[in-house]
Amino acid sequence: MREGAGPWLGAAAALVYVVLLAPVAVVVFIAFSADSFIVFPPSGYSLRWFQRLWAHEALMRGLSLSLMLAGIVTIGSLAIGVPAAYAIARAKVPAAGALKAFFLAPLLLPTLVLGLALLMALQPLRLTATLTGLALGHMVMTVPFVIRLMVTTFATLPDEVEAAAASLGATPWRVFRRVTLPLAIPGLAASAFLSFLLSFDETVISLFISGPRASTLPVEMVRYVEGRTDPLVAALSVVLIVATLFVILVVERIAGLARVVGR
Amino acid sequence: MEQPLAARNHQCALTRRMSHLTLNRLSKRYGETVAVADVSLSVARGESVALLGPSGCGKTTTLRMIAGLIQPSAGAIEVLGVDVTQVPAHRRNMGYVFQSYALFPHMSVAANVGFGLDERGVGRSERDRRVAAALSQVRLEGLSARKPRELSGGQQQRVALARALVIEPDVLLLDESLSNLDARLRDAMRLEIRDLQRSLGITTLFVTHDQTEALTLCDRIAVMHAGRVEQIADPVTIYERPASRFVAEFVGRSVVLPVERSEAGLVLGGRPVRTAHPVPESRALELFLRPQRIALAGPETEAGAHNRLGGVVRSHVFVGDRLEVLVDTQAGRVTVETSGAGAVAQPGDAVSLIWSPSDTLVFARAAP
Amino acid sequence: MSGRQREQPLRGRLTGLALIAPALVLLGAIYLWPMLGLGRMAFNETGSTGAMAPALSLATFRSLFEDPFTLETTWNSVWLSFVATLLALVLAYPLALFLHRTQSRFRSLLTVLAVAPMLVSGVVRVFGWLALLGDRGLINAALMGSGLTAQPTRLVYNYFGVTLGLAESLMPYMILALLAGFGRLDRACEEAAATLGAPPWRVFLRVTLPLTVPAIVLGFLLCFVLAMSAYITPKLLGGGRVFLLATEIFDHAITNANWPAAAALALYTLVLVLLLVAAYAALTRRAEA
Ligand SMILES: Nc1ncnc2c1ncn2[C@@H]1O[C@H](COP(=O)(O)OP(=O)(O)OP(=O)(O)O)[C@@H](O)[C@H]1O
Ligand SMILES: [Mg+2]
């Protein structure tokens, strides 16, 4: 027994990393292929699939819809989730525990079941395949998520700091604005980032409630991959991965990523 | 691993005089940090040695190297003259009592104690017998079915001790094993461990930062400082003849006074002062005295061959078992410890401080 | 609740209610109401023309249970989820243990790397597996290039490919669950076992593994539930040749537009998962005691 992990465990871990990261790595590699389909090794390397990407109308429409949708969902989820989380964490409502359990319940249900239920509820209201319908559908996931994250954030804020501010003469609203909110910034950043990502990547619920009128990027990608496998989706994936990395770096600066994934 | 008892006894007789455990210039570095530097130590069979030193001086690191839990960067560890530096922990046969006890939370007390016997392939009935014996040794009969979390701190400590003793280890290693206990339990456990160690005649290395523990529990003390051993000696020598300024300061209380070197000898507060011990080369010197070795006498008392320093009593502090008298002298303020019995000089009285040259230690002044 | 709350003035209560009302209304409308609707839908009937007829009958459930195909897909789903979860566990365990033990400076980076696939769209990762396992994918290219095989080996559009892809998608969740549970694992306990004479593999069997059983159980349950309801991976890596409860529910709902059947199958799956989880939890609790 030695300090650290030891060579055997290290070797095993390296092997697992390969399995874990292989699909993403291979996607990045394929994206620069010059061939018209997936071949190993590629006959050449080029950026043509990235150029083709901008010209692909369905995917680009999906991308802009997904970005807009994720933005709306993020704002809506924070606006609705943060006050609720604050009320629960500070026990400003009766039966806070039961309310929390109710709010977190959707996170325990398979998205497949949620998607099906949403389809059946939104179709009669003619809300499927609309921005409103999709936003509502995604918020089933993101609002509980924000509530869970923010309840933890508020609960770990020291109670006394707020009391101290109040004793210095701040009104409850000003205590919240000048003390609680600034302290909760890392949690808020994490909530916003993860809501955005959750909505942007949400596939199953979207598959149920998308339609020709409005369909998100993941739905378009599923359709594309079902049809054929050429490097176009790989190029799109690279763009998405780079964008995600960029956002992660930004959030890391604000909130510390370890805390974000540690949830 | 397990030697027949006869062979052990034979070897024991042969090697009684020989070192049982030897550390030979043991070092451990972590990158830039040197945790342990050039530690050499030899422990005789049945002897109990304390590693004493302030937090972070490398005591645990030394102990873990001996147990084989970490690999030294340099140096060797020998048991009975055999180099075991490369032997993995599970084949070293050393009992280790961890500071946190490290009891297996998923096992009963009996299973905890029997763990090492299982690993040695000891049969069921033999194991149960030895576990029961070990538990009664630490006075824990009747608790064998409990889980560790159902025990008090002192009981957990005893289970850890029994678990380490039942494998009849070559060497017993204890890492600050008493520091989690309250003061009274600590005193009791200290005596218990010492009695057990003596009656079993087991070679023991005991890590502590508590000097009382080291002074009362061990045959010899190795005082460590910043990864090095500053002095190895029996408790009396450590206390009376500290080999370095660090040891003098770390073990026991001291009066420290600046002292000058002149043509004729050492000068303290304008008066010559004698020491029976060597004086370091350095120009800036300090004089170390144990406060209870200073006698208070009338202002004009003749000191004879002893050292004398005049002063005025400033105040008294009663500390329960003793009385501390603060005296302002030419050389600075001095604390004198007396039993408090009999007539005591009152504040404002002129007094003489008198002490023997053999109680006078001189070290180089610490860099400011 | 604390005394502080009981003394709360009316105004404070109203504020609390105002804070929580939007979330209550929203989730009532988009979660509670649809779920009730789903439950109700399963008791409607489907006429011979395929048109839905409002009713309160068990006809849909009856035809569901009379269909031998239901049993087959159930078995497929449970077995595939079990194998994929087990595979995820076997792969994630050493990685999690490594992350728990390593003293590398890059430890937090390595942890992020291990769960980073979670942040990449599932579709992207499925596409990666297609590129790896497809007939002209990396593995077949390597196999044929080295002369080991002459024909492409079928690695995808079958149960093998789905299991592999599913296991990989579960791994980040498994790693997180294991890492959370490894907090209980005290390094000193493992070291104590070593000093008592246990060689590394015995330390693992007698100390490390038993202490991590709760983490394993938790990770296994979480991932099994996720696997049972996974849709994208089986859909795309199964290529229509892998029949699972999840794919059937979707087909009923979208392709056949048979909502009562979809609702009934969804409820059936939900109950199944709950029962399996309860049974597994009870079993492991017995084993632990
Ligand atoms: N794994 C490690 N990596 C880096 N430095 C270490 C490591 N272990 C110990 N050290 C350093 O080595 C030095 C000695 O540590 P050690 O634990 O031996 O001290 P100690 O004497 O047991 O102290 P304490 O009384 O506080 O337990 C310390 O400065 C410590 O910071
Ligand atoms: Mg220590």
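The values are calculated or read from the model by the stated rules, or taken from the named source; none is laboratory data. All values reported here derive from a predicted model rather than from experimental measurement. Every residue, glycine as well, gets a Cβ built from its backbone with ideal geometry; the counts of neighbours run over all protein chains shown. Remember, those area values only see protein heavy atoms, side chains included, never the ligands or the DNA or RNA. Shrake-Rupley method; radii C 1.70, N 1.55, O 1.52, S 1.80 Å.
Data table
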read-out: Qualifying residue in region A:171-189 (condition: in contact (Cβ under 8 Å) with a residue 12 or more places away in the chain, buried (at least 21 other Cβ atoms within 10 Å of the Cβ) and touching a Lys or Arg at 6+ places or on another chain (Cβ under 9 Å)); value: yes
read-out: Residue within region B:352-364 that is open to solvent by 50 Å² or more (accessible area, probe 1.4 Å) and not β-branched (Val, Ile, Thr) present; value: no
read-out: Exclusive hit being within 20 Å of B:VAL43 (Cβ to Cβ) and surrounded by fewer than 19 Cβ atoms within 10 Å (Cβ to Cβ), set B:ALA243, B:ALA222; value: B:ALA243
read-out: Sole residue being within 10 Å of chain A (Cβ to nearest Cβ) and open to solvent by less than 60 Å² (accessible area, probe 1.4 Å), chosen from C:LEU32, C:LEU38, C:LEU17; value: C:LEU38
read-out: Qualifying residue in region B:92-99 (condition: away from ligand 1 (no atom under 16 Å from the Cβ), within 19 Å of B:THR204 (Cβ to Cβ), more than 10 Å from chain C (Cβ to nearest Cβ) and in contact with a helix residue (DSSP H, G or I) (Cβ under 9 Å, 6 or more places away or on another chain)); value: no
read-out: Of residues in region B:43-71 being more than 16 Å from ligand 2 (Cβ to nearest atom) and over 15 Å from the mean Cα position of the chain (by Cα), the one surrounded by the fewest Cβ atoms within 10 Å (Cβ to Cβ); value: B:GLN71
read-out: Verdict on B:ASP170 being within 16 Å of ligand 2 (Cβ to nearest atom), out of contact with any helix residue (DSSP H, G or I) (no Cβ under 8 Å at 6 or more places or on another chain) and acidic (Asp, Glu); value: no
read-out: All helices (runs of 4 or more DSSP H) inside region A:49-154 with 1 or more residues being at pLDDT 95 or above, more than 9 Å from every other protein chain (Cβ to nearest Cβ) and open to solvent by 30 Å² or more (accessible area, probe 1.4 Å); value: A:57-89
read-out: The listed residue being more than 16 Å from ligand 1 (Cβ to nearest atom) and open to solvent by 10 Å² or more (accessible area, probe 1.4 Å), out of B:LEU143, B:LEU135; value: B:LEU143
read-out: Subset of region B:163-182 (residues that are within 16 Å of ligand 1 (Cβ to nearest atom) and over 19 Å from the mean Cα position of the chain (by Cα)); value: none
read-out: Subset of region B:100-115 [in contact with a helix residue (DSSP H, G or I) (Cβ under 6 Å, 6 or more places away or on another chain) and either in a helix (DSSP H, G or I) or within 16 Å of ligand 2 (Cβ to nearest atom) (or both)]; value: B:SER100, B:TYR101, B:ALA102, B:VAL109, B:ALA110, B:ASN112, B:VAL113, B:GLY114
read-out: Region A:8-45, subset surrounded by 20 or more Cβ atoms within 10 Å (Cβ to Cβ) and more than 9 Å from every other protein chain (Cβ to nearest Cβ), residue nearest to C:MET118 (Cα to Cα); value: A:ALA31
read-out: Residue in region C:141-164 that is open to solvent by less than 10 Å² (accessible area, probe 1.4 Å) and within 9 Å of chain A (Cβ to nearest Cβ) present; value: no
read-out: Those residues of region C:19-58 which are in contact with a Pro (Cβ under 8 Å, 6 or more places away or on another chain) and part of a helix (DSSP H, G or I), in sequence order; value: C:LEU19, C:ILE20, C:PRO22, C:ALA23, C:LEU27, C:TYR31, C:MET41
read-out: Every residue from region C:97-115 that is more than 8 Å from chain A (Cβ to nearest Cβ) and touching a residue at least 40 places away in the same chain (Cβ under 8 Å); value: C:HIS100
read-out: Residue in region C:165-174 that is more than 13 Å from chain B (Cβ to nearest Cβ), open to solvent by 10 Å² or more (accessible area, probe 1.4 Å) and closer than 30 Å to C:LYS235 by Cβ present; value: yes
read-out: Qualifying residue in region A:212-226 (condition: surrounded by fewer than 20 Cβ atoms within 10 Å (Cβ to Cβ) and within 23 Å of the chain's Cα centre (by Cα)); value: yes
read-out: Residue in region B:150-162 that is facing chain C (nearest Cβ under 10 Å), under 25 Å from the mean Cα position of the chain (by Cα), closer than 19 Å to B:ALA188 by Cβ and outside any loop (DSSP other than H, G, I, E, B) present; value: yes
read-out: Enumeration of residues in region B:210-228 that are within 16 Å of ligand 2 (Cβ to nearest atom) and touching a Leu at 6+ places or on another chain (Cβ under 7 Å); value: B:GLN211, B:GLU213, B:ALA214, B:ALA222, B:VAL223, B:MET224
read-out: Flag if B:ARG25 is touching a Cys at 6+ places or on another chain (Cβ under 8 Å), among the basic types (Lys, Arg) and open to solvent by 20 Å² or more (accessible area, probe 1.4 Å); value: no
read-out: Every pair of residues 6+ apart whose Cβ atoms lie under 8 Å, when the first sits in region B:184-202 and is farther than 14 Å from B:ARG158 by Cα while the second is open to solvent by 50 Å² or more (accessible area, probe 1.4 Å) and not in a helix (DSSP H, G or I); value: B:GLY201/B:ARG45
read-out: Boolean, A:ALA5 is surrounded by 16 or more Cβ atoms within 10 Å (Cβ to Cβ), at the interface with another protein chain (Cβ under 7 Å from one of its Cβ atoms) and not aromatic (Phe, Trp, Tyr); value: yes
read-out: Among (1) of a type in the set (S, T, N, Q); (2) within 16 Å of ligand 2 (Cβ to nearest atom); (3) away from chain C (no Cβ under 14 Å), the one test that B:ASN180 misses; value: (3)
read-out: Criterion (under 30 Å from C:ALA279 (Cα atoms) and part of a helix (DSSP H, G or I)) met by exactly one of C:LEU91, C:LEU99, C:LEU132, C:LEU113; value: C:LEU91
read-out: Qualifying residue in region A:228-247 (condition: at the interface with another protein chain (Cβ under 7 Å from one of its Cβ atoms) and either closer than 25 Å to C:ALA266 by Cα or charged (D, E, K, R) (or both)); value: no
read-out: Subset of region B:72-84 (residues that are of a type outside the set (A, V, I, L, M) and either touching a residue at least 12 places away in the same chain (Cβ under 8 Å) or within 16 Å of ligand 2 (Cβ to nearest atom) (or both)); value: B:PRO72, B:SER73, B:GLY75, B:GLU78, B:GLY81
read-out: Hits in region B:55-87 (condition: within 15 Å of ligand 1 (Cβ to nearest atom), out of contact with any helix residue (DSSP H, G or I) (no Cβ under 7 Å at 6 or more places or on another chain) and within 27 Å of B:LEU215 (Cα to Cα)); value: B:SER55, B:GLY56, B:CYS57, B:GLY58, B:LYS59, B:THR60, B:THR61, B:THR62, B:LEU63, B:ARG64, B:MET65, B:ILE66
